[in-house]
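Novice: Take this structure, written in structure tokens, and hold onto it; I'll ask about it next.
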Amino acid sequence: MKNKLSLLLILLTLLFPKLTMAEGFMAAFEEIPLQDGLIEEEPFSYDTEELRIIEQYVSSSNLTKNDFLKFYTETLKSLGWEKINEKANSITFKREDESLTLTIEAENPLVVLFSLKPYSK
């Protein structure tokens, strides 16, 4: 499945280069681009064949909350993630049997927690 996602991301990058403006991919989330200007912290991950649980902080002194949310809302949608919940400081996406929540913990400088876990209704 990870190979299919990587192939899909490469295809999307070729077809929509402006949408995927990023320097690379997040270390813990290899199929999610790292937005230019974000700095990754050391991730926590638990990964087995049955499930993945990953948490990783990113920060930026240059990006605004709105820039961050716009980039990831558009990018994740193009990668097959469906937005299922949005609150003032968090947004949650679902793809297949996983959910990904982006929680803004501070705005100046921007600090965001990416949290991936199995999806449950």
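The values are calculated or read from the model by the stated rules, or taken from the named source; none is laboratory data. Computed from a predicted model, the values in this text were never measured in an experiment. Heads up, the Cβs are rebuilt from the backbone with ideal geometry, glycines too, and the neighbour counts pull from every protein chain shown.
Novice: Could you check how many residues of segment 51-82 are of a type in the set (Val, Ile, Thr) and assigned to a helix (DSSP H, G or I)?
Specialist: First, the residues of segment 51-82 that are of a type in the set (Val, Ile, Thr): 53-54, 58, 64, 73, 75.
Remaining after also requiring assigned to a helix (DSSP H, G or I): 73, 75.
So the count comes out to 2.
Novice: When the residues of segment 94-121 are filtered to those that are of a type outside the set (A, V, I, L, M) and in contact with a Ser or Thr (Cβ under 7 Å, 6 or more places away or on another chain), which remaining residue is surrounded by the fewest Cβ atoms within 10 Å (Cβ to Cβ)?
Specialist: So the first thing to find is which residues in segment 94-121 are of a type outside the set (A, V, I, L, M), and the list is 94-99, 101, 103, 105, 107-109, 114-115, 117-121.
Subset that is in contact with a Ser or Thr (Cβ under 7 Å, 6 or more places away or on another chain): 99, 101, 103, 109, 115, 117, 119.
Details: Ser99: 19, Thr101: 17, Thr103: 16, Pro109: 11, Ser115: 18, Lys117: 15, Tyr119: 15.
It comes out as Pro109.
Novice: Now for a different question. Tell me, please, whether a residue that is out of contact with any strand residue (DSSP E or B) (no Cβ under 9 Å at 6 or more places or on another chain), surrounded by 15 or more Cβ atoms within 10 Å (Cβ to Cβ) and at pLDDT below 95 can be found in segment 14-21.
Specialist: Looking only at segment 14-21, we keep the residues that are out of contact with any strand residue (DSSP E or B) (no Cβ under 9 Å at 6 or more places or on another chain), and these are 14-19.
Those still in the list that are surrounded by 15 or more Cβ atoms within 10 Å (Cβ to Cβ) too: 19.
Adding the requirement that they be at pLDDT below 95 leaves 19.
The answer is yes; a qualifying residue exists.
Novice: Residue under question is Asn62, and the condition is that it be of a type in the set (S, T, N, Q), loosely packed, with under 13 Cβ neighbours inside 10 Å and touching a strand residue (DSSP E or B) at 6+ places or on another chain (Cβ under 6 Å); does it hold? Full working, then the answer.
Specialist: Values: of a type in the set (S, T, N, Q): yes; loosely packed, with under 13 Cβ neighbours inside 10 Å: yes; touching a strand residue (DSSP E or B) at 6+ places or on another chain (Cβ under 6 Å): no.
No.
Each row is one residue, and each column tells you yes or no for (1) under 24 Å from Lys87 (Cβ atoms); (2) free of Cβ contacts under 8 Å to residues at least 12 places away in the same chain.
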site	(1), (2)
Leu34	yes, no
Thr48	no, yes
Ile53	yes, no
Leu63	yes, no
Asn66	yes, yes
Glu74	yes, no
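Novice: Counting only residues that are of a type in the set (A, V, I, L, M, F, W, C) and at positive phi, how many does segment 53-112 have? Working first, answer last.
Specialist: Initially, segment 53-112 is screened for residues of a type in the set (A, V, I, L, M, F, W, C), giving 53-54, 58, 63, 68-69, 71, 76, 79, 81, 84, 88, 91, 93, 100, 102, 104, 106, 110-112.
From the residues that got through so far, the ones that are at positive phi too are none.
Adding up the residues that qualify gives 0.
Novice: Test Ile91 against the stated conditions and say whether it is closer than 21 Å to Glu107 by Cα and of a type in the set (A, V, I, L, M).
Specialist: Numbers: closer than 21 Å to Glu107 by Cα: yes; of a type in the set (A, V, I, L, M): yes.
Against the criterion (closer than 21 Å to Glu107 by Cα and of a type in the set (A, V, I, L, M)), Ile91 qualifies.
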